[in-house]
1. Just one of 440, 419, 456, 477 is within 30 Å of residue 58 (Cα to Cα), in contact with a helix residue (DSSP H, G or I) (Cβ under 7 Å, 6 or more places away or on another chain) and either surrounded by fewer than 20 Cβ atoms within 10 Å (Cβ to Cβ) or modelled with pLDDT of 95 or more (or both); which is it?
2. Of the numbered conditions (1) in a helix (DSSP H, G or I); (2) in contact with a helix residue (DSSP H, G or I) (Cβ under 8 Å, 6 or more places away or on another chain), residue 504 satisfies every one except a single condition; which is it?
3. Which members of the range 312-334 meet the condition of being touching a helix residue (DSSP H, G or I) at 6+ places or on another chain (Cβ under 8 Å), within 13 Å of residue 485 (Cβ to Cβ) and assigned to a loop (DSSP other than H, G, I, E, B)?
4. The conditions are (1) buried (at least 16 other Cβ atoms within 10 Å of the Cβ); (2) closer than 23 Å to residue 335 by Cα; (3) at pLDDT 95 or above, and residue 507 fails exactly one of them. Which is it?
5. Take the residues in the range 502-547 that are under 22 Å from the mean Cα position of the chain (by Cα) and free of Cβ contacts under 8 Å to residues at least 60 places away in the same chain; name whichever of them is farthest from residue 423 (Cα to Cα).
6. Run down 337, 360 and say which single residue is in contact with a helix residue (DSSP H, G or I) (Cβ under 6 Å, 6 or more places away or on another chain) and closer than 30 Å to residue 565 by Cα.
7. What do you reckon, is residue 397 closer than 24 Å to residue 500 by Cβ, in a loop (DSSP other than H, G, I, E, B) and more than 16 Å from the chain's Cα centre (by Cα)?
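The values are calculated or read from the model by the stated rules, or taken from the named source; none is laboratory data. Everything quoted here is computed from the prediction, not taken from an experiment. Every residue, glycine among them, receives a Cβ derived from its backbone with ideal geometry; neighbour counts consider all protein chains shown.
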């Protein structure tokens, strides 16, 4: 059977070869988009592991270096641990497909997307997500898809679908949009496309423009979703039957009667730990009472209690119009902030919103501290680094500290994107900036607390930011008759809600956003309402940040390196470095500074000692400047002849002091006045057309070198 399918996507052909490779996987597709080729496989175990009552889903996206004709670096010369892009892409695919498996499907499932070939024209992330959906669609794994993704930018006021890397550089935003097919309404022949997941960064773009771009992106997905439907109908396997989760109605009624009122009371307790302690007590009490005669009912009772908790939270918000901490739907939790709390950090801030608290510590470094990221698509050098840590104590847990996981890397990346548009240019502020956000306490939206704390640390460090950025997490609860958008959600509201929307930006507009949706039916009106309500909350938080520190400090920390940048002509770079690095080593040894030299002639000198930095600057200038008529130099006598002396006034630049210019008195012999290797002050009298330099010692007597 010919299992090759092709479709036009954003003006370029995309093709899927089904079951062409990896024949033992449950679903396998080779997706080709231009010269970008990705193989995606889907495999699910046939037997469920004992005691598993959740979906054990693993998604791995990997970029093979041969995809770009490269050999990996390092001793082993093979692909190593996932880089940041691979981790973030794995998260994007995971977040997009995880909500679409049927309830009760608890079989271990793995999606592997491997990039086999890559160009800079066709997006490998778009290609991989399409492959993940198609592999699941043709397999026997139950999946409520298909889904597809698209990247949307805007250049010269016009939306662009799946722009190349070059075009994306000119865009004022970058949105990655995932949508799915949903059943049409009554009398409609065409299906609707609903938003499933959203990632984006922008240069302070207005909310309504973002919504229009999302609509544009969702509309462009229709052909690719229909394309997958055609493939599934042509070659798709029959789906496995998932046993429906049955609930004993008598048991449900019994548990509800014993627990519901107590749970409602518990959810009026404002403090997270007190509330959860009360809920734990209720669970233990109900399980003990109900299972007194049959301890095998324990798992069923626990599942009923879990569902009941979610129902209680939703009912309180949707119908009673109450939140656990007594806030209105648009109200922000109490905010407090401090700056300058760590004396030796170059900038620091403690940001607290409700029970969520982030400590941001900033360090300034030189260009040698830049982060080098080696991707298959090319190398990236970062002068702004943001790391997010989530230690176990921040949620009252005790476990081993581990290296950052995908969640930590994802939250750090979101906060970094939010702050990038307001950072000064490297020419204005030639420092490498690293921020570490330590989450000290968490109850909702620690990533947004990271944005706020990091912004404060930047201002405390004296970084001349262009504006103030704040972040806020929004939630949604929706049923047949009610829609409630929540501002500044806490953990319980996130767990019970239908949407998690994080929005960051300035007063002017959005700089970054991220959205996960657990239900269908989040239409344009709801999206606009959520983004505008987020803006109101963001403006409120910005004013709170401004109350803590209104503008960046006038100067950087006394413990931070002082950086001086100067430009020399590119052809003079080798003079600064010297043979085998001789000159640059001499500058470092004599002054103790850190010095970096770029091929374009940019010389960066860093030191905590202003006098040492000044000496280093003078030495660089001495190595690179040209002789000037009328200027006095401190030179070295290189050679003595009968008629005068040749003096080196600059590296590689010599001039002649004629015997008549040695002294105001008559000189019989040059050696009566000068000796080889001696320092002498001389003045440049003339530079002729051939570049020959005439010097005078007598005109420089008593003067200082300029």
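1. 440
2. So the condition that residue 504 fails would be (1).
3. 323, 329, 330
4. (1)
5. 503
6. 360
7. yes
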